[in-house]
Amino acid sequence: MAVVSVSGAKRDLSDLLNRVAYGRERIIIESRGKPKAAVVPIEDYEALEELDELVLSLRVQARIEDGATPIPVEAIIARYGQMHGLDLGLKETR
């Protein structure tokens, strides 16, 4: 996996995007020697999103099977938003 600095990513953005999109590379972008972000092919990103949804579904299913009190859908949506840094206008309550 390639690692580039923020300044290198700025300078070579077009090249990096082509490497990711067409060469299916995954590239880590560092700031001051620490990983800050990753650039991945869109297929990888979509797979991660599906995996997040699957994990959430499995957690909900496990709670139901354990006889736990059902979680209101609003709380699930709020938690999903929180996990992904989204403001969906809902607050998680328990």
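Side notes on the structure shown:
- Under-5 Å amide H pairs with Glu30, H placed in peptide plane, nonlocal only: Val4, Ser5, Val6, Lys36
- Within the listed set Arg11, Arg24, Arg32, the Gaussian network model of the chain (springs between alpha-carbon atoms below 10 Å) gives the highest mean-square fluctuation for Arg32.
- Converting phi to 3J(HN,Hα) with the Karplus coefficients 6.51, -1.76 and 1.60 and the offset θ = phi - 60°, the stretch 48-59 yields 5, 4, 5, 5, 4, 5, 5, 4, 4, 4, 5, 5 Hz in sequence order, with x at every glycine or proline.
- Gain upon complete extension [Glu25, Glu50; 0.36 nm per residue less C-alpha separation]: 7.0 nm
- Helical mean residue ellipticity (222 nm; -39500 (n - 2.57) per DSSP H run of 4+; nearest 500) of the chain: -17500 deg cm²/dmol
- Using a Förster distance of 41 Å, the FRET efficiency for Asp66-Lys34 (Cβ separation, nearest 0.05): 0.55
Any read-out appearing in this document is the output of simple, stated calculations on the displayed coordinates, not a laboratory observation. Note that the coordinates shown come from a computational prediction; the quantities given were computed from them, not determined experimentally. Backbone-built Cβ (ideal geometry, glycine too); neighbour counts: all protein chains shown.
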